[in-house]
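**Q** Just passing along the structure, written as structure tokens.
The values are calculated or read from the model by the stated rules, or taken from the named source; none is laboratory data. As the structure is a computational prediction, the values presented were derived from the model and not from experiment. When we count neighbours, we look across all protein chains shown, and the Cβ atoms used for this are built from the backbone with ideal geometry, even at glycine. Calculation scope for accessible area: heavy atoms of the full protein, side chains included, ligands and nucleic acids excluded. Shrake-Rupley method; radii C 1.70, N 1.55, O 1.52, S 1.80 Å.
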Number of protein chains: 2
Amino acid sequence: MHGVSAASWQHGVVSKQAEESAPARRGRPGYNQATVLRRSVELFNRQGYDATSVGDLAKHLGLTKSAIYHHVASKEALLAAALDEALDGLNDTIDRAVSGDPAHSALQRLRSVVEQSVGILVDHQPAVTLLLRVRGNSDVEVAALRRRRLIDEKLATLVQAAVDEGSLRDDIPPDLISRLLFGTVNSVIEWYRPDGPVDRADLARAISTLAFEGLTKP
Amino acid sequence: MHGVSAASWQHGVVSKQAEESAPARRGRPGYNQATVLRRSVELFNRQGYDATSVGDLAKHLGLTKSAIYHHVASKEALLAAALDEALDGLNDTIDRAVSGDPAHSALQRLRSVVEQSVGILVDHQPAVTLLLRVRGNSDVEVAALRRRRLIDEKLATLVQAAVDEGSLRDDIPPDLISRLLFGTVNSVIEWYRPDGPVDRADLARAISTLAFEGLTKP
């Protein structure tokens, strides 16, 4: 009995040790790659990507540096994954709209892009925030800026199509319309809180109404 | 004569020495407080305020650290001066509009605030850029955020007055109108270049038209 008991106790200690050493080798229970990404992006947005070391990430996540490297190859791989998350969402939305039902006017498709972009922005707010702060300080950032520029060009083409069909006003240059329209959408990043008083769908509708119909009472 | 001449020469050397030593002690010729502020704000915006040391500023300005301290008491004093520059401009614009000609409707005064805010933003773009990035990491930043909040409250009051007089649409909550309207104005920071193709006055008019009349062709 005493021996068995001692063995059980011993086994218990070993198991506990195995559990405790697991985090150091294989990440922490409950931490997967998605969680590491999400919480890393939080910190990048709070203190800046360049100013954040893998040591800072480890501290923020409550992991060792080697546990982080179990989940991701490098700090830059986290940045690339976050930027892709934001860019894939925006790009898919625009491609769907551009190649959308030709029975819909360019104006209808443009309004749809604006409203769906607000949805992407709200659903992926941390990743989009990171994207909007990218300045091209590394190859990953330069590649993201290139993808962003391609998206802007598709949007500008859709704006131009809406001007050409005669549904958008022609007293503002189409390039400027495009800048202001998506500047308005992106500005939401600065203040929107998912748990705040403004519902996601109401926000999308309000932006679309402001931009296309204007704030003056009809 | 000789004595006088020697004295003159001596005097001349002393003067020249005073001129040459002046830069080390008193900053560099051509550098005054305004130049130091302007070029410091450039660097803060490029690499982040927190990440910029006085040593970095000295290098960027081509001055010694002690020459910088001749011009300004501290890095934080530069931040405070830049934030005040942005906040004073915005605050004065709003105060003028709010207490403006009562013969003008709230809508007219609101449009005027929007257009003049665009002007302030373009004229003081580096300082406003710095202001919009402030997150409250120090007493100076907390004080700036407080002043910014007071400005937002004055704007929200003017928006509410325009809703109350029946000139702004009532299917978007006034708080949300205020957020979106000045989010649109502020988004200009991200892309506007004074030497670019868009004129300052055209920009102000385009934003005011988009926001109040909408992009759909009348």
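**Q** Of the numbered conditions (1) hydrophobic (A, V, I, L, M, F, W, C); (2) at pLDDT below 95; (3) under 24 Å from residue A:145 (Cα atoms), residue A:22 satisfies every one except a single condition; which is it?
**A** Going through the list (1) hydrophobic (A, V, I, L, M, F, W, C); (2) at pLDDT below 95; (3) under 24 Å from residue A:145 (Cα atoms), residue A:22 breaks only (3).
**Q** If you don't mind, there's one more thing I want to ask. Which condition does residue B:143 not pass, out of (1) touching a Leu at 6+ places or on another chain (Cβ under 6 Å); (2) over 22 Å from residue A:184 (Cα atoms), if it passes all the others?
**A** Tallying (1) touching a Leu at 6+ places or on another chain (Cβ under 6 Å); (2) over 22 Å from residue A:184 (Cα atoms), residue B:143 fails exactly one: (1).
**Q** Then there is this: Please count how many residues of region B:152-173 are part of a helix (DSSP H, G or I), within 14 Å of chain A (Cβ to nearest Cβ) and surrounded by 15 or more Cβ atoms within 10 Å (Cβ to Cβ). Before you say what the answer is, go through the steps one by one.
**A** Filtering region B:152-173 down to residues part of a helix (DSSP H, G or I) leaves B:152-164.
Now narrow it down to the ones that are within 14 Å of chain A (Cβ to nearest Cβ): B:152, B:155-156, B:158-164.
Imposing the further condition that a residue be surrounded by 15 or more Cβ atoms within 10 Å (Cβ to Cβ) reduces the set to B:152, B:155-156, B:158-163.
Count: 9.
**Q** With the requirement that a residue be within 7 Å of chain A (Cβ to nearest Cβ) and either of a type in the set (D, E, K, R) or not in a helix (DSSP H, G or I) (or both), what does region B:174-189 give you?
**A** Listed by number, the list holds a single entry, B:179.
**Q** Mind listing whichever residues of region A:100-122 are free of Cβ contacts under 8 Å to residues at least 24 places away in the same chain, open to solvent by less than 60 Å² (accessible area, probe 1.4 Å) and either touching a His at 6+ places or on another chain (Cβ under 7 Å) or not in a helix (DSSP H, G or I) (or both)?
**A** If the condition is that a residue be free of Cβ contacts under 8 Å to residues at least 24 places away in the same chain, open to solvent by less than 60 Å² (accessible area, probe 1.4 Å) and either touching a His at 6+ places or on another chain (Cβ under 7 Å) or not in a helix (DSSP H, G or I) (or both), then A:100 is the only one that fits.
**Q** List, please: which pairs have Cβ atoms under 6 Å, are six or more places apart or on different chains, and start with a residue in region A:33-61 that is under 18 Å from residue A:135 (Cα atoms) and end with one that is assigned to a loop (DSSP other than H, G, I, E, B)?
**A** Cβ pairs passing all conditions: A:43/A:52; A:44/A:52; A:48/B:48; A:51/B:51.
**Q** Continuing with this model, one more query. Restricting to region B:161-218, what's the tally of residues that are in contact with a Gly (Cβ under 9 Å, 6 or more places away or on another chain), touching a residue at least 12 places away in the same chain (Cβ under 8 Å) and more than 17 Å from residue B:124 (Cβ to Cβ)?
**A** Residues in region B:161-218 being in contact with a Gly (Cβ under 9 Å, 6 or more places away or on another chain), touching a residue at least 12 places away in the same chain (Cβ under 8 Å) and more than 17 Å from residue B:124 (Cβ to Cβ): 4 in total.
**Q** Now a separate question. Which members of region A:190-218 meet the condition of being at the interface with chain B (Cβ under 8 Å from one of its Cβ atoms) and open to solvent by less than 10 Å² (accessible area, probe 1.4 Å)?
**A** Correct list: A:203, A:206, A:207, A:210, A:211, A:212, A:214, A:215.
**Q** I'd like to know if region A:32-53 contains one or more residues that are modelled with pLDDT of 95 or more and under 30 Å from residue A:209 (Cβ atoms).
**A** no
**Q** Does region B:114-129 include one or more residues that are over 17 Å from the mean Cα position of the chain (by Cα) and of a type in the set (A, V, I, L, M)?
**A** Looking through region B:114-129, none of the residues is over 17 Å from the mean Cα position of the chain (by Cα) and of a type in the set (A, V, I, L, M).
**Q** Which of the numbered conditions does residue A:147 fail, given that it passes all the others? Conditions: (1) open to solvent by 10 Å² or more (accessible area, probe 1.4 Å); (2) under 19 Å from residue B:207 (Cα atoms); (3) at pLDDT 95 or above.
**A** Condition not satisfied by residue A:147: (2).
**Q** Residue A:197 is checked against (1) in a loop (DSSP other than H, G, I, E, B); (2) within 21 Å of the chain's Cα centre (by Cα) and fails just one. What number does that condition carry?
**A** (2)
**Q** Another question, if that's okay. In region A:123-142, which residues are outside any loop (DSSP other than H, G, I, E, B), farther than 10 Å from residue A:87 by Cα and either touching a residue at least 24 places away in the same chain (Cβ under 8 Å) or of a type in the set (D, E, K, R) (or both)?
**A** Matches in region A:123-142: A:123, A:125, A:126, A:129, A:130, A:132, A:133, A:139, A:140, A:141.
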